[in-house]
Amino acid sequence: MSGRRNLGLMRPNDQRPPGIPRSALADTLLSRLTEVFPAAADPAAAPAMAAYMKDIGPFLGIARPRRRALAKAVTKDTAPPAESDCAALALHCWLLPEREYRYFAVDYLRRHVTHCGPGFLPVVRHLIVTEPWWDTIDALAAHTVGPLVAAGPGPAAVMDEWIGDENLWIARTALLHQLRYKGATDADRLFAYCLRQAGHPDLFIRKAIGWCLREYAKTDPAAVRAFVAERREQLSPLSVREALKNL
């Protein structure tokens, strides 16, 4: 079975990306990727993987260790990307149906986010809102959006907009973008974001509030204890449990 796809075609229900840059590097990576991944597919494993992700999309059935080993082969001897290469690769991977292609793109962005600037955030936003689920959102939040915001003051204002977004995955990304900041965390912004969404009815927001607080508690447990004690009535029980789990 040939793994080659017509990467210029859209599936009927997809959102059209704002524009995919031309990129010889992305073309090379995609050519390799769409040969190597289908050849390693395990149709017997794919249904269980899709079911675990609540059937958000189809899977090839490639487990993470095997997928990451294949990814190394795909990227071997390729040049460091420019921002436009990262955009082209990620947007094209999001056009392919199987989830493993998106995991490849997420891992690639994590590795090369330092080659991107604040102008990359609209691309990431498109990735977030297109067939979203926690498997791609959380990695994009912590490992792509987080470093982009940390690199300069401008993107923080974008997060101030995202935290109030009607799309819960955009708001979740804003909550989680400081997840790896440790001592560099803007605690005032973190606590304000948690309060902004404290009354949200969705589990994914309530759990994200607890998660980002629990992570920051590894750096400043006293501050998290004090915040939760003061705002316990505003926070959901789930958020409180998650925040204090390790304290």
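The values are calculated or read from the model by the stated rules, or taken from the named source; none is laboratory data. Treat the numbers as computed from the prediction; the structure is a model and nothing was measured. Note: ideal-geometry Cβ built from the backbone for every residue, glycine included; neighbour counts use all protein chains shown. Side chains are part of the model used for accessible areas, which takes the heavy atoms of the whole protein and leaves out ligands, DNA and RNA. Shrake-Rupley method; radii C 1.70, N 1.55, O 1.52, S 1.80 Å.
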Of all trypsin sites (Lys or Arg not before Pro) in region 158-247, which ones are in loop regions per DSSP and have a Cβ with at most 16 other Cβ atoms within 10 Å?
R180, K218, R232, K245
With the cut-off at 25 Å, tell me which of the pairs K76/K182; K54/K207; K182/K207 have Cα atoms farther apart than that.
K76/K182
Probe 1.4 Å, all chains present, heavy atoms only: V129 accessible area in Å², nearest 10, is 40 Å²
Restricting to DSSP H runs of at least four residues, report the calculated mean residue ellipticity at 222 nm for the chain, -39500 (n - 2.57) per run over all residues, nearest 500 deg cm²/dmol.
-17500 deg cm²/dmol
Would you rank I137, I20 by solvent-accessible area, highest first, keeping every protein chain in place and using a 1.4 Å probe?
I20, I137
For the pair E230 and A24, what calculated FRET efficiency results from E = 1/(1 + (r/R0)^6), where r is the Cβ-Cβ distance and R0 = 51 Å, to the nearest 0.05?
0.40
For a quick check, take a GNM of the chain with Cα springs below 10 Å and name the residue from P118, P155, P201 with the largest mean-square fluctuation.
P201
Expressed in square angstrom to the nearest 10, the accessible area of L247 with a 1.4 Å probe stands at 80 Å²
What is the magnitude of the charge dipole of the chain about its Cα centre, with +1 placed on the Cβ of each Lys and Arg, -1 on the Cβ of each Asp and Glu, and no other charges, expressed in debye to the nearest 20?
600 debye
With the 8 Å Cα cutoff and a minimum separation of six or more residues, the chain has a relative contact order in percent of 14 percent
Any idea of the accessible area per residue across the chain, 1.4 Å probe, to the nearest Å²?
48 Å²
Which labelled figure in (1) 17.2, 51; (2) 19.0, 60; (3) 21.8, 71 is Rg and Dmax of the Cα atoms in Å, once derived from the coordinates:
(2)
Measure of exposure for S84: accessible area at 1.4 Å probe, Å² rounded to 10, is 50 Å²
What full-extension length gain, to one decimal in nm, is calculated for R64 and A157 as 0.36 nm per residue of separation minus the Cα-Cα distance?
30.0 nm
Within region 66-104: backbone nitrogen closer than 20 Å to the T114 label point (7 Å, Cα to C-beta):
72, 75-87
Would you work out what percent of the accessible area of region 109-247, with all protein chains in place, is carbon or sulfur (probe 1.4 Å)?
51 percent
Where a ≥ b ≥ c are the square roots of the eigenvalues of the C-alpha gyration tensor, would you call region 144-225 rounded, which needs a/c under 1.5, or, failing that, prolate if a/b is larger than b/c, or oblate?
oblate
